[in-house]
Every structure is written in structure tokens, then in C-alpha cells.
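A.B. asks: Here it is: the structure, laid out below.
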Amino acid sequence: MTIRVLVADDQDIVRAGLCMILDAQPGIAVVGEAADGRQAIALARSLRPDVCLLDIRMPEVDGIEATRQLAGADVADPLAVVVITTFDLDDHVYGALEAGARGFLLKDAGTEMLTQAVHAAARGDALIAPSVTARLLSSFADRRARSRPPEPVEALTAREEQVLLAAARGRTNGEIGDELSISLSTVKTHIAALMRKLGARNRVEIVMWAYETGRVDT
């Protein structure tokens, strides 16, 4: 099944390059291009792509606000968003993830990682640029020291805890299934249950909660 992608970047040459790279990958097709955030939001809502690849620094509406409008907490039918930027800044990372992004990449990430991020977002997984991962985990530890989020009203089952830890360590659904000897559909069921119990919008927020509650060492 072909993954339909919308690419939004205000720099024509960068946008053209991203489209060319993605269109050259098997199983991926660029179905729309936008030169600013407002256009990206409109196209995304009309085309309903499988993945939206959004630059952060765009005119009219920036990538973080566009992400919030397409994948935020109050969006009834959120789209999968991967944010891509030249600048490895903490406020960009947190802004994108809190707005609902399923991935965060730098523009120098390379073809392989870009392709992996699109595939991950399309299947409900998440991919964050390795260069920012260590800093994210360190920040999770700092935030945990200051304030620990409450446990869910409905306690997690033992199996849900196992799935949560595996997801927090970066395992894909397939890898979680192999590791725990359960089917892919069962993994997806547990992920959905975790999202419901934790009030999470996506897999990234599940992982964030796991770190913030001390379930994973940083």
C-alpha cells in the first residue's frame, strides 16, 4: 500500500529535493506540496495524506502551529505529522512533540532516516533524530525530578507495562511482538489501551510518560 505524503517547506529547492527523494522510494508517493503553513493545513485537510512532512520555519503559520491544527489534542481525526528542520533547538523539539508530531528530523538526516520516519509515522510509530534523543532523555529526567505525572485512574496491566517499556526503548510493533511472543494485532491492541488509559494522542506521548514516571532509566 502506497504511503501518501504532503511536503511543506517555504524554500523551493529544499521542498523539491524532499519530494524527489520521497517519490524515488518504493511505496511512497508525494501527493501535495505547500510553500507555507496555511497552505499546508488547507491541503492536508483536503487531501488527507497518510503523513505530513512539515518544516518548522514557514511563513503565514509555522510548522508547530500547523502540527497543532492537524494533530493536536482537540483534533477529532488527527493526521500523522513529521516535523523537519535545520535547527536542532529544544523549543522546536518540545513544541513539535507537544503539538502532536510523530517524528522530529533534521534536514541533514539523510534519505534512509527520512524514509524510516515516514514509514514509522504511517504505521503509528515514532522516530526522533538520534542527535536530539540523548538531550530529550536528559530533559525527561530533569522534568521527572521536578514533577511526576499521576498514575492513570485505570491501572496498567502487567502486559501493558511490558509493551510500554519496549515502546519506550524504541522497539517497533513488530519487534515488540517478537520480544514478547505476541501477535502484531495484540501489540496494537495494547498500544491503543495505553493511549486510552494515559490520555495520550500518539506513541510519542506514551514514551514521554514512561520516562517521566521513571519507568525507563535515562
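A.B. asks: Hey, does the stretch 17-35 have a residue that's within 17 Å of the chain's Cα centre (by Cα) and either of a type in the set (Asp, Glu) or not in a loop (DSSP other than H, G, I, E, B) (or both)?
C.D. replies: no
A.B. asks: Hey, among Leu70, Leu53, which residue is assigned to a helix (DSSP H, G or I) and either open to solvent by less than 20 Å² (accessible area, probe 1.4 Å) or not charged (D, E, K, R) (or both)? Reasoning before the result, please.
C.D. replies: Working: Leu53 fails: assigned to a helix (DSSP H, G or I).
Testing whether each residue is assigned to a helix (DSSP H, G or I) and either open to solvent by less than 20 Å² (accessible area, probe 1.4 Å) or not charged (D, E, K, R) (or both) leaves just Leu70.
A.B. asks: When only residues in the stretch 19-43 that are open to solvent by 20 Å² or more (accessible area, probe 1.4 Å) and touching a strand residue (DSSP E or B) at 6+ places or on another chain (Cβ under 7 Å) count, which is nearest to Gln116 (Cα to Cα)?
C.D. replies: Selected residue: Gly27.
A.B. asks: I'd like the residue in the stretch 193-205 that is among the hydrophobic types (A, V, I, L, M, F, W, C) and more than 19 Å from Leu70 (Cα to Cα) and, out of all such residues, is most open to solvent (accessible area, probe 1.4 Å).
C.D. replies: Leu198
A.B. asks: Does Ala44 qualify as being assigned to a helix (DSSP H, G or I), outside the structural domain of Asn202 (by the TED database) and touching a residue at least 12 places away in the same chain (Cβ under 8 Å)?
C.D. replies: Details: assigned to a helix (DSSP H, G or I): yes; outside the structural domain of Asn202 (by the TED database): yes; touching a residue at least 12 places away in the same chain (Cβ under 8 Å): yes.
Spelling it out, Ala44 is indeed assigned to a helix (DSSP H, G or I), outside the structural domain of Asn202 (by the TED database) and touching a residue at least 12 places away in the same chain (Cβ under 8 Å).
Every residue, every condition in (1) within 17 Å of Leu106 (Cα to Cα); (2) aliphatic (A, V, I, L, M), yes or no:
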residue: Val14; (1), (2): yes, yes
residue: Leu18; (1), (2): yes, yes
residue: Ala29; (1), (2): no, yes
residue: Gly32; (1), (2): no, no
residue: Arg48; (1), (2): no, no
residue: Leu53; (1), (2): yes, yes
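A.B. asks: Restricted to the stretch 174-218, and to residues that are of a type in the set (Ser, Thr, Tyr) and free of Cβ contacts under 8 Å to residues at least 24 places away in the same chain, which residue is nearest to Leu79 (Cα to Cα)?
C.D. replies: For the stretch 174-218, the residue satisfying everything is Thr189.
A.B. asks: Taking into account only those residues within the stretch 138-171 that are of a type in the set (Lys, Arg) and farther than 26 Å from Gln116 by Cα, which is modelled with the highest pLDDT?
C.D. replies: Residue satisfying both the conditions and the ranking: Arg159.
A.B. asks: Out of the stretch 174-192, which residues are surrounded by fewer than 21 Cβ atoms within 10 Å (Cβ to Cβ) and within 17 Å of the chain's Cα centre (by Cα)?
C.D. replies: Lys188, Ala192
A.B. asks: While we're on this one: Anything in the stretch 57-67 that is surrounded by 24 or more Cβ atoms within 10 Å (Cβ to Cβ) and out of contact with any Leu (no Cβ under 7 Å at 6 or more places or on another chain)? List them, or say none.
C.D. replies: Result: Ile64, single match.
A.B. asks: Let me ask something additional. Is it the case that Met58 is out of contact with any Phe, Trp or Tyr (no Cβ under 6 Å at 6 or more places or on another chain), hydrophobic (A, V, I, L, M, F, W, C) and farther than 19 Å from Ala96 by Cα?
C.D. replies: Here the answer is no, as Met58 does not meet what is asked.
A.B. asks: Please work out which one of (1) under 15 Å from Val118 (Cβ atoms); (2) of a type in the set (Val, Ile, Thr); (3) in contact with a Cys (Cβ under 9 Å, 6 or more places away or on another chain) is the condition Thr67 fails and give its number.
C.D. replies: Against the list (1) under 15 Å from Val118 (Cβ atoms); (2) of a type in the set (Val, Ile, Thr); (3) in contact with a Cys (Cβ under 9 Å, 6 or more places away or on another chain), Thr67 comes up short only on (1).
A.B. asks: Here is a further query. Of everything in the stretch 108-125, what is touching a helix residue (DSSP H, G or I) at 6+ places or on another chain (Cβ under 7 Å), over 15 Å from Asn202 (Cα atoms) and at pLDDT below 85? Give them in sequence order.
C.D. replies: None; the set is empty.
The values are calculated or read from the model by the stated rules, or taken from the named source; none is laboratory data. On a predicted model such as this, the values are computed, not experimentally measured, just so you know. Because the Cβ atoms are built from the backbone with ideal geometry, glycine has one as well, and the counts that use them run over all protein chains shown. Remember, those area values only see protein heavy atoms, side chains included, never the ligands or the DNA or RNA. Shrake-Rupley method; radii C 1.70, N 1.55, O 1.52, S 1.80 Å.
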